[in-house]
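Peer 1: Structure in structure tokens, see below.
The values are calculated or read from the model by the stated rules, or taken from the named source; none is laboratory data. Please read all numbers here as calculations on a predicted model, not as lab measurements. As a convention, Cβ positions derive from the backbone with ideal geometry for all residues, glycine included, and neighbour counts pool all protein chains shown.
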């Protein structure tokens, strides 16, 4: 969904570097896959076509944080009401 983003922090020797992959348009999403020592973060269209991909060596990845886009409440859902006791 537009607004989804993944933040990747890697070890770059004596410092760290931070990268972000963001779903930039409506209908796109960000997928994360890992295997064989590689972490891959891809922005994908509705049809499954990759738009852009970032690949990192898994041994260098310090943190991978997924930030979902804020989702609105559905029509039948009401926000929880908290009463002060």
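Peer 1: I need the full set of residues from region 24-51 which are exposed (fewer than 13 other Cβ atoms within 10 Å of the Cβ) and in contact (Cβ under 8 Å) with a residue 24 or more places away in the chain, in order please.
Peer 2: 26, 27
Peer 1: Among the residues of region 3-23, which ones are in contact (Cβ under 8 Å) with a residue 24 or more places away in the chain, more than 10 Å from residue 67 (Cβ to Cβ) and either crowded, with 16+ Cβ neighbours inside 10 Å or within 14 Å of the chain's Cα centre (by Cα) (or both)?
Peer 2: Passing the criteria: 8, 9, 10, 19, 21, 23.
Peer 1: Turning to a different aspect of this structure: Just give me the residues in region 53-72 being touching a strand residue (DSSP E or B) at 6+ places or on another chain (Cβ under 6 Å), in contact (Cβ under 8 Å) with a residue 24 or more places away in the chain and either closer than 12 Å to residue 9 by Cα or loosely packed, with under 13 Cβ neighbours inside 10 Å (or both), in sequence order.
Peer 2: Result: 56, 58, 60, 61, 62, 63, 64, 65, 66.
Peer 1: OK, next. Can you tell me which residues in region 48-71 are more than 12 Å from residue 30 (Cβ to Cβ) and at pLDDT 90 or above?
Peer 2: Across region 48-71, the qualifying residues are 49, 55, 56, 57, 58, 59, 60, 61, 62, 63.
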